[in-house]
Amino acid sequence: MEELEVTWERALTVWWSLAWRSALIGFLVALVIGVAVGLLGRVLHLDPRFVSRLLRLTGIICGVGCRHMGQ
């Protein structure tokens, strides 16, 4: 097996690969969960302020979760 020299260019390439995939996955997961929570709030006639807070919380959880997935 051939060993590659560690360079800044290779490190940046690996970092970028992980960063854009994590961002994309985080966006898609947050979108799906956000739509589901929003629709559920509508169906159950929940207070819009409560649903808004719940959506913020799920967004934070999705962001943190996807951030740790990439590591």
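Points to keep in mind about this one:
- Peptides 53-61, 14-22 ranked from most to least packed give 53-61, 14-22, packing being the mean of other C-beta atoms within 10 angstrom over each peptide's residues.
- Relative contact order (%) - criterion: Cα under 8 Å, at least six apart; region: segment 20-69: 57 percent
- Helix axis angle, 48-69 relative to the chain longest principal axis, alpha carbon, degrees: 20 degrees
- Over the residues of the chain, the helix contribution to mean residue ellipticity at 222 nm works out to -29500 deg cm²/dmol, using -39500 (n - 2.57) for each DSSP H run of at least 4.
- Dipole of the chain, positive direction: furthest Cα of Val37, Trp15, Ile61, with charges on the beta-carbon: Val37
- Converting phi to 3J(HN,Hα) with the Karplus coefficients 6.51, -1.76 and 1.60 and the offset θ = phi - 60°, segment 4-11 yields 9, 6, 7, 10, 4, 5, 5, 4 Hz in sequence order, with x at every glycine or proline.
A short reminder: the numbers here are calculations on the coordinates, not readings from a lab. Please read these numbers as outputs of a predicted model, since none were measured by experiment. Cβ sites come from the backbone with ideal geometry, for glycine too, and all protein chains shown count toward neighbours.
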